[in-house]
Each structure stands twice: as structure tokens, then as C-alpha cells.
Ligand code: WTA
């Protein structure tokens, strides 16, 4: 990795005396069934060792326990990280929707599957497993009638409503591949993803409703579809009933279509390795990657982590605050809870609407036992004040954190104020590409340290690698980049239509390893501390963005000659996007231009990617070979002008002072 591209050095592993260790709260065992799935930490160590020494035996047993295969597998795993041809449960056949719905509906049709908590607190409803099966079948039929076949991709662009989950499962029922696009993405981003995935059908809603505000979902889809000639059909769920533009022959109302078809359709028989879904994530170049997951391996990962990390038992009510547009929602709103046959809370709103008590009220109202959210929401709620936490939350025994590092003081607040020292906090580290948790405490089992994701999940063998030498750093008290030494069932199999990119991004960086792209330390007790991305990623409010993608959006503006985007620390959002631009015509340097550029990013990616600040500068700091040195920009923004390091390799070292001047003038 070149100097121009690397993130700033991260803090060293904390000294032992600086860190508190928390044990599982005693009250954890007075809730739920009173027992975790495992006995104790020794039990974890024993199973973990087994999962590393004999992964085939370990995963074969778990897969048969957690999933229902229509045909059993003989080969547990084939392929390797070196060759990028991993396959799991090879001869097995199964269907995802059958595993998530049918088997529970047959046994327990009246059990709650989805608890829909609508944006307005009074508007939600509960869907049982029996109802869910009928709904899934009806939509599956509609899709089939629209010509969707096994192996086709179907795009979902829906808000957080039960129909999003129904759509996921209807698609998998007929053997198609879902490609969910977060409904906060712009029409341009949606268009790119629909085209890349070659989706011929898009499922959407007339409008979305979030935090009391309406979002013109169908309008955004219409805009995108102008440039997607291959999309033949658009299925529209009526969420608010507003008038929406309509393209005859292409657009169909969900409620009208489902009335036409039977309430049961047989699930398509799928091979374990048939693709289950694509999910686009930012890469280090401008173009997002369609990360592909396959059926059995992904489902085993989702169910196994649901069971052991969140300690899900039959009567639990699971509430993941993540959106189905991101991997957290895929795995922990949809697949993990439904595979395990428990109720999943689908929350349409925001933590601040109608007031800052919303999450806590939802937890009380539905007797939630596990709650899972990103630290960015916790920072917001902590700042809003503890007086908003009036709920008892008596059933709460697991509190999860995901998506970004959680600062120790936020962790402690979560523990004391939300969990009332009675719930076990699990800081779960994973990625879109890992499919499910990879480094994480197990609820009820693992002692935790605020800010550390703790220990590897079963089957994950972490390696800390020295980024300079490429050598693995053995033993404890080491710091480097994080990689995994063994394949695991829920790892992504490819980047859609770009397998070479998959190999180059994950498997060819350190031969024989899966490279996470994150820096990490392993402390004196073998606990892992995630430091954040070492590539050009920015993590804003738990959303993973690529600086290259935002730069590409800025350069689309006719005003911009060059752009560089960096992430800087932000108290609320974790990191914030700051953009530096050099204009083609310097006389255009005014507030309107800056506003236009922010708008440009909102339009081309989505509001969540908009820069918090735009600095117009005469030129970017570049090496003689033209590489932008973002490190210098980051240091200037964080006030570390004294320690810019060697700037003599810049083609024009004098530019640094001019940038410093500009940043100071604006602040
Ligand atoms: C970061 C989200 C620290 C990390 C599930 C990773 C975390 C990226 C944690 C993946 C955590 C995720 N502590 N950092 N507990 N969990 N990350 O694909 O940088 O949206 O590589 O998946 O988020 O983001 P993604």
C-alpha cells in the first residue's frame, strides 16, 4: 500500500491496567430461560478449538442441527482461500424461505414472526409464521408470473416494512437472487446497482415514512428506471396511498397482484452453493462491489451466530435496529431470527421520533430480549440525555453493537443506563463480506472489555499481519492488519461479475489469507481491538462509504477539476466526510458552489454520503507520480500540522501552506 493511501496510525493496544473487564451480569441468568446455550467460557474454548482443528466435523454437525436440508450433503467443504473456490455443504439441497418460514409455520403457525413497529407508534401490526408463509407464497407467485426464474436477480428498494422481509423470502422461494438497495440511495446509485446486477424486476413502495417525514420512494425508482431498459416490471407496495406516477405495462400494485394467486407455492430446490443474494458495498475504487453470498453457508453462519452470539432461545423477541438495506439487516433482521423461529421486530422509524424514548418504549412494548444497534444511534441517545430512558426493559438480556468501534464511555452508558447492568453487551465485529459475526463475545459466556470485539467466533482463525513485511505476527500484544487463515461457511464467494476483483481485494493481498481491510490489535489476553479501515473507507454513522466513490461524484460536477475526500473524527457520526476540491475556474469559489457540490453527492450517492464540509483549495497535495496524499489532508483537519511528516515528495510542497490557510479561514 502506498503512503498516499494509508489511514493515520492507530492508537496502540491499551495497557492491561487501563482496561476494565466486565463479567456476564448475574441478572442475565435470571431472565429468559436462565441458561445460555453454552456452559461457560471453557466450553467455548473447547468448541472453538474443535472448530479450528476439525472444521468439517464441527460445521457438518451445526449445519444439520440448524438447517433443514431437503437432501443431505456428503462433502462439508471444498476449495481454499488461495484458489478462491470455496464451497460448503456441497451436495446439499435446501431452500432459504422454507428454512425461515415453512418449518416454523407447520409447527407453530400462530407464533409471531414479524413485529412491525411502524413510524407512528400506533400503526404497527404482528405477522405470525402462518401468515408469513401465505404472504411469502403469494408474492413468490406474482414474481414467477412476471417471469422471474431461478438464478435471476430481483432488486428490492423498500423501506423498513414487513413487505421488505416478505419480498426477500418470496425471491428466495423461487430460487431467485435478491439484490437489496438501501432506500436512502439516490436514483443514480439505484440505477448502477440494477444495471450491474442485471435485475429485470424491482420491488418498491409508493412512499416511505421515517421520523414523521415522507420519502418519495417510487419517484426515485422511476428516475432510476429511465436508464434501466432491461427492467420489465416494477412491483409497488402501497404504503401511504399517495398518487404516484405510473408506467402501464411495467408497474403493478402489490395488493392487486397478490389477490390473483394461490396462498401456497412449493419452494424451489436449491443447491447449497446457489447464490442467495447480492449486496453492494463500497470498494476502494469508485465502483461498488456486488458481494455475493450463497445459500447454505450463509444461512448456517446467520443461524449459528444468532444462536450463540445473541443466545437466542425459542421465546425471545429479537430487535435489530439496522436497515434491511445493509448487511446487518439482512443477517439479523431477516435471516438469523427467522431461521431460529423467533419474532423479529421490524422498525420503520428513527430513534428520535416522536421523541428520544422511542427505542426504549419499543423494547418495553414488545418485551424485547435482545437489542442490536450501531454506536452512532447510541451516541445520539446518550447526548439527548438519560431522562428519556424511562422504560423498565425487564426482559432485555443482550445488547449488541455493530458497524464501528464503540467508545468505552458509550459502551459503559449502554451497559449502565440501557441495560441497567443486567444485560450482556456484545460488540460484534463483521462485514458485508463475512456474512455473519466473526469476532464477537458470546452472550452469557464471554467476559468483555469496553471497545474490544473480544474473541473469534467458531471457525474463524484470525491473524494479525505486519502490513509492511506481510508476515503474520504471532503471539499476543501485537498490532497490524486483520486477516483470517481459514475459510468459513458464510464468507462471500465472489464479487458479482468481477471475480478477479474479489481475488485481488480479499484473497490475493496476503496469499492464503482472507484480508479484512481493517487494522487490529491483539492484546495480552488474546482479545481483539478493531482499529478501522486501512483502505480509503470512511465509516459515517455505521455506513461504510468509499472516499473514491464520493470523489467520483464530486468530479461529475463541471466545476470541479480534482477532488479528494477524507474521513475525520466526528463526535456524533463517528467519522464525517470532508471534501477538498480544486476548481476549474477559481473565481467560482463561493458558498453556492460548495452547496452545489454537497447536493451533487446527495444526488449521485444519497444524503447519508454528503460531505459535512467542502474546502476549495488551489491544488491537491500530490506526489510526483500524481498520487493524492490524503494523509496530509487528514492531519491538517485534525490540527496536526506540526506532524505532517515528510512533504518533500510532493510535486509542489508549497501547496500545503495554502491548504492550511484555507482550512483555518473556513473554521
Ligand atoms: C467496521 C457492517 C469496529 C469495520 C457489519 C468493518 C466494526 C466494516 C465493527 C464493515 C465493530 C464493523 N467494531 N468496527 N464491532 N463492526 N466494523 O460491510 O471497519 O457495512 O470492516 O458491515 O465496519 O462494514 P459493513
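The values are calculated or read from the model by the stated rules, or taken from the named source; none is laboratory data. Quick caveat: nothing in here was measured; it's all calculated off a predicted structure. Because the Cβ atoms are built from the backbone with ideal geometry, glycine has one as well, and the counts that use them run over all protein chains shown.
Summary table
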{"quantity": "So residue 569, is it in contact (Cβ under 8 Å) with a residue 12 or more places away in the chain, within 16 Å of the ligand (Cβ to nearest atom) and exposed (fewer than 14 other Cβ atoms within 10 Å of the Cβ)", "calculated": "yes"}
{"quantity": "Verdict on residue 375 being closer than 24 Å to residue 47 by Cα and either within 15 Å of the ligand (Cβ to nearest atom) or buried (at least 24 other Cβ atoms within 10 Å of the Cβ) (or both)", "calculated": "no"}
{"quantity": "Yes/no for residue 33 being loosely packed, with under 15 Cβ neighbours inside 10 Å and touching a helix residue (DSSP H, G or I) at 6+ places or on another chain (Cβ under 6 Å)", "calculated": "no"}
{"quantity": "Matching residues, the stretch 87-97, being outside any strand (DSSP E or B) and surrounded by 23 or more Cβ atoms within 10 Å (Cβ to Cβ)", "calculated": "89, 92, 95, 96, 97"}
{"quantity": "Elements of type strands (runs of 3 or more DSSP E) contained in the stretch 477-559, each with 1 or more residues being over 18 Å from the mean Cα position of the chain (by Cα), away from the ligand (no atom under 14 Å from the Cβ) and within 28 Å of residue 67 (Cβ to Cβ)", "calculated": "none"}
{"quantity": "Residues of the stretch 606-643 that turn out to be under 21 Å from residue 664 (Cα atoms), surrounded by fewer than 16 Cβ atoms within 10 Å (Cβ to Cβ) and under 34 Å from the mean Cα position of the chain (by Cα), as a count", "calculated": "4"}
{"quantity": "Selection within the stretch 217-237 - out of contact with any helix residue (DSSP H, G or I) (no Cβ under 6 Å at 6 or more places or on another chain) and over 26 Å from residue 149 (Cβ atoms)", "calculated": "217, 219"}
{"quantity": "Residues satisfying the stated conditions in the stretch 162-189, i.e. in contact with a strand residue (DSSP E or B) (Cβ under 6 Å, 6 or more places away or on another chain) and under 16 Å from residue 607 (Cβ atoms)", "calculated": "181, 183"}
{"quantity": "Unmet criterion (only one of (1) surrounded by fewer than 16 Cβ atoms within 10 Å (Cβ to Cβ); (2) modelled with pLDDT of 90 or more) for residue 653", "calculated": "(2)"}
{"quantity": "The listed residue being at pLDDT 95 or above, under 18 Å from the mean Cα position of the chain (by Cα), within 16 Å of the ligand (Cβ to nearest atom) and farther than 29 Å from residue 447 by Cα, out of 329, 306, 325", "calculated": "325"}
{"quantity": "Residue count for the stretch 273-294, restricted to those that are farther than 14 Å from residue 537 by Cβ, away from the ligand (no atom under 14 Å from the Cβ) and in contact with a helix residue (DSSP H, G or I) (Cβ under 6 Å, 6 or more places away or on another chain)", "calculated": "2"}
{"quantity": "Residues being surrounded by fewer than 24 Cβ atoms within 10 Å (Cβ to Cβ) and part of a helix (DSSP H, G or I) - total across the stretch 169-188", "calculated": "2"}
{"quantity": "Selection within the stretch 379-413 - assigned to a helix (DSSP H, G or I), under 23 Å from the mean Cα position of the chain (by Cα) and surrounded by fewer than 24 Cβ atoms within 10 Å (Cβ to Cβ)", "calculated": "379, 380, 382, 408, 410"}
{"quantity": "Residue match in the stretch 57-72 (condition: in contact (Cβ under 8 Å) with a residue 60 or more places away in the chain, in contact with a strand residue (DSSP E or B) (Cβ under 6 Å, 6 or more places away or on another chain) and closer than 24 Å to residue 515 by Cβ)", "calculated": "no"}
{"quantity": "Residues that are more than 16 Å from the ligand (Cβ to nearest atom) and either surrounded by 23 or more Cβ atoms within 10 Å (Cβ to Cβ) or closer than 29 Å to residue 179 by Cβ (or both), drawn from the stretch 414-443", "calculated": "418, 423"}
{"quantity": "Flag for residue 109 being in contact with a helix residue (DSSP H, G or I) (Cβ under 6 Å, 6 or more places away or on another chain), assigned to a loop (DSSP other than H, G, I, E, B) and surrounded by fewer than 21 Cβ atoms within 10 Å (Cβ to Cβ)", "calculated": "yes"}
{"quantity": "Residue within the stretch 307-318 that is surrounded by 18 or more Cβ atoms within 10 Å (Cβ to Cβ), more than 18 Å from residue 399 (Cα to Cα) and in contact with a strand residue (DSSP E or B) (Cβ under 8 Å, 6 or more places away or on another chain) present", "calculated": "no"}
{"quantity": "Matching option when the condition is surrounded by 12 or more Cβ atoms within 10 Å (Cβ to Cβ), modelled with pLDDT under 95 and farther than 30 Å from residue 504 by Cα, among 19, 24, 13", "calculated": "19"}
{"quantity": "Which listed residue, of 362, 345, is modelled with pLDDT of 95 or more, away from the ligand (no atom under 16 Å from the Cβ), in contact with a strand residue (DSSP E or B) (Cβ under 8 Å, 6 or more places away or on another chain) and part of a helix (DSSP H, G or I)", "calculated": "362"}
